Amino acid sequence: MTQDVKEIFGSPVGSLAAKVRTLAPSMTRSMQRVAEAVANDPAGCAALTVTGLAELTGTSEATVVRTARLLGYPGYRDLRLALAGLAAQQQSGRAPAITTDIAVDDSLDDVVAKLAYEEQQTLADTAAGLDTGQLGAAVTALVGARRTDVYGVGASGLVAQDLTQKLLRIGLIAHAHSDPHLAVTNAVQLRSGDVAIAITHSGTTGDVIEPLRVAFEHGATTVAVTGRPDSPVTQYADLVLTTSTSRETELRPAAMSSRTSQLLVVDCLFVGVAQRTYETAAPALAASYEALAHRHRSASR
């Protein structure tokens, strides 16, 4: 990333907020209150004892400690020290609110504004948390692959199709599978030198985990695109690309924002592959445009 991009997406405060947003769905509501408090006001929370933060958030000291550990700190003392460091580096007041829930009686103007904010935040969080080392390794595997299989169901299945269509248009062999039976029977045919990609935000979708496991056991390079880096799907993944999502609400299912972050990862993979294979990718892409051009022209009268 360039320095400007790092400043936008990779600031310490922004990274903490991104982690909170990513982990929030797996937290209890009381833990979410603690996590949102420390992400919104690092300076204020750094000044509080564990008892003070528990009182501020209406939770218990045990909940504060559990939240600190879930965020990656051995205990509250370590989280408090980190918050003090973040506060010292924060340049412009408090961070924006963690969530902007949509109400039933919101106007369409408000709905558009809130959704736009959440989508932007989801993309920023995904960019901040994406491991470019793992991403680069996945790109390398795709460039050299004899064949790539991509597994996904539901909204993730649409993302799987998007990735395979992109790869096909630059001359690579790729297949998307949303039928679990076909996915497994195709995974059996994979071997070393092939790539299998599982797309599942929860990381617990059995219809996606099973073919990835089969591909893994047959020697293919396996990649998991998931919002849960410690989820079951990662047991069979050589590489893990983590996505982010906003907190699910009644009027905003997690599938909406998880798809946004998955599409960003897919675009990053595609562009990386296209860069590495530019001499062959560019002519293939041009040929695909030409083959479809007549379908986009107005019929002559």
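The values are calculated or read from the model by the stated rules, or taken from the named source; none is laboratory data. Keep in mind the model is a prediction, meaning the values are calculated, not measured. Cβ coordinates were reconstructed from backbone atoms using ideal geometry, including for glycine residues, and neighbour counts include every protein chain displayed. SASA here: full protein model, heavy atoms, side chains in, ligands and nucleic acids out. Shrake-Rupley method; radii C 1.70, N 1.55, O 1.52, S 1.80 Å.
Residues that are more than 29 Å from residue 19 (Cβ to Cβ), modelled with pLDDT under 95 and of a type in the set (Val, Ile, Thr): does region 156-170 have at least one? Taking every residue of region 156-170 in turn, at least one turns out to be more than 29 Å from residue 19 (Cβ to Cβ), modelled with pLDDT under 95 and of a type in the set (Val, Ile, Thr).
The combined condition, being free of Cβ contacts under 8 Å to residues at least 60 places away in the same chain, touching a helix residue (DSSP H, G or I) at 6+ places or on another chain (Cβ under 6 Å) and more than 25 Å from residue 127 (Cα to Cα), is not fulfilled by residue 38. Assess whether residue 114 counts as being closer than 24 Å to residue 23 by Cα and of a type in the set (Lys, Arg). Answer is yes for this residue.
Restricting attention to region 166-186, the residues that are open to solvent by less than 60 Å² (accessible area, probe 1.4 Å), touching a strand residue (DSSP E or B) at 6+ places or on another chain (Cβ under 6 Å) and aliphatic (A, V, I, L, M) add up to 4. Checked against the criterion of being open to solvent by less than 10 Å² (accessible area, probe 1.4 Å), over 13 Å from residue 266 (Cα atoms), assigned to a loop (DSSP other than H, G, I, E, B) and at pLDDT 95 or above, the candidates 212, 190 yield just one match: 190.
Pick from region 39-88 the residues that are in a helix (DSSP H, G or I) and of a type in the set (Val, Ile, Thr): which of them is most open to solvent (accessible area, probe 1.4 Å)? Result: 51. Of everything listed in (1) modelled with pLDDT under 90; (2) open to solvent by less than 50 Å² (accessible area, probe 1.4 Å); (3) within 25 Å of the chain's Cα centre (by Cα), the single unmet condition for residue 8 is (2).
Okay, residues lined up against (1) part of a helix (DSSP H, G or I); (2) open to solvent by less than 50 Å² (accessible area, probe 1.4 Å); (3) touching a Gly at 6+ places or on another chain (Cβ under 6 Å); (4) within 22 Å of residue 215 (Cβ to Cβ):
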| position | (1), (2), (3), (4) |
| --- | --- |
| 124 | yes, yes, no, no |
| 136 | yes, yes, no, yes |
| 149 | no, yes, no, yes |
| 163 | yes, yes, no, yes |
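The listed residues are 63, 67, 100, 59, and the only one of them that is at pLDDT 90 or above and touching a Phe, Trp or Tyr at 6+ places or on another chain (Cβ under 9 Å) turns out to be 67. Scanning region 15-32 for residues that are touching a Gly at 6+ places or on another chain (Cβ under 7 Å) and not aliphatic (A, V, I, L, M) gives a single hit, 22.
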